[in-house]
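Let me begin by presenting the structure, written as structure tokens, before commenting on it.
The values are calculated or read from the model by the stated rules, or taken from the named source; none is laboratory data. Small disclaimer: the values here were computed from a predicted structure and weren't measured. Note that we place each Cβ from the backbone using ideal geometry, even for glycine, and neighbour counts take in every protein chain shown.
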Amino acid sequence: MDVLLYLFILKVVSWSANKEIYGVNMSITKYEIYEFWKDKSILKNYQIKNYASCEEKDEAIRIIEFSDDICCWACGLPSFILDEENINISGSLKKEWNNDKSLQKAHIIARSLGGEEKAENMFLLCPICHADSPDTVKAENFFAWVYYKRKNDNYINMLRRGLEEACKIKNVDFQIIVDYLSKCNYHKVMKLRKQIIKSCTVHGTFVSMSSKMMELIDEIIKDIQ
Ligand SMILES: [Zn+2]
């Protein structure tokens, strides 16, 4: 699929998170969570270890690859905010993490099951992953899920799956949509995005994938006809 498609969907997903900043009432900051996890890795047995002391046999995945790369720690969806959305990005790393409006503070062990609001029990996830992640009494389940996502299911897969499913629901040929998007220029992408923002709303804590994808398909079909 064309890279423009990813760019387009990516922006729509980022926008969804801005509608409701989950965890805004928590006193722990994103930077504090980042500080705790910045040098940690998940091993293939789902244990946590400092990256520097990992060996090859651990098959470790570093949770944060680059200190200023603000993206979902499970699917890798970048925190992509447009200039006109008025998010002030400062030069300092602390401000950069704390200014982020697209990631949510997720509990590793669910709050309702006794999980505390401490950095070691918090993780930064996009709204889709947050809704999807396991809420159990075992941290191991959470890390097993993150490890799997990091290895097998990044945001590009998720978005493609969402679009494909919406096509099936609406009985629209997926290939027609893909072809249309691969020919879109930047101006058209932004126009589509604006129309989708106008016609979707929050479902629970975020705009669902199906809302965005179904509206996207409607707009494309309207334009083709
Ligand atoms: Zn994610």
(message) Pairs needed: first member in region 147-163, at positive phi; second member anywhere, surrounded by 16 or more Cβ atoms within 10 Å (Cβ to Cβ); C-beta distance under 8 Å; at least 6 residues apart or different chains.
(response) none
(request) Select from region 125-146 the residues that are part of a helix (DSSP H, G or I) and surrounded by 20 or more Cβ atoms within 10 Å (Cβ to Cβ) and write down the one among them that is farthest from the ligand (Cβ to nearest atom). (result) F143
(message) If I filter region 149-197 down to residues being surrounded by 13 or more Cβ atoms within 10 Å (Cβ to Cβ) and part of a loop (DSSP other than H, G, I, E, B), which single residue comes out as modelled with the lowest pLDDT?
(response) C184
(request) Could you list, in sequence order, all residues of region 105-124 that are modelled with pLDDT of 90 or more and either among the polar types (S, T, N, Q) or in a strand (DSSP E or B) (or both)? (result) K105, A106, H107, I109, N121, M122, F123, L124
(request) Give me a count of the residues in region 101-113 that are of a type in the set (D, E, K, R) and touching a strand residue (DSSP E or B) at 6+ places or on another chain (Cβ under 8 Å). (result) 1
(message) Every residue in region 43-76 that is surrounded by 16 or more Cβ atoms within 10 Å (Cβ to Cβ), in contact with a Phe, Trp or Tyr (Cβ under 6 Å, 6 or more places away or on another chain) and not hydrophobic (A, V, I, L, M, F, W, C), please.
(response) Y46, G76
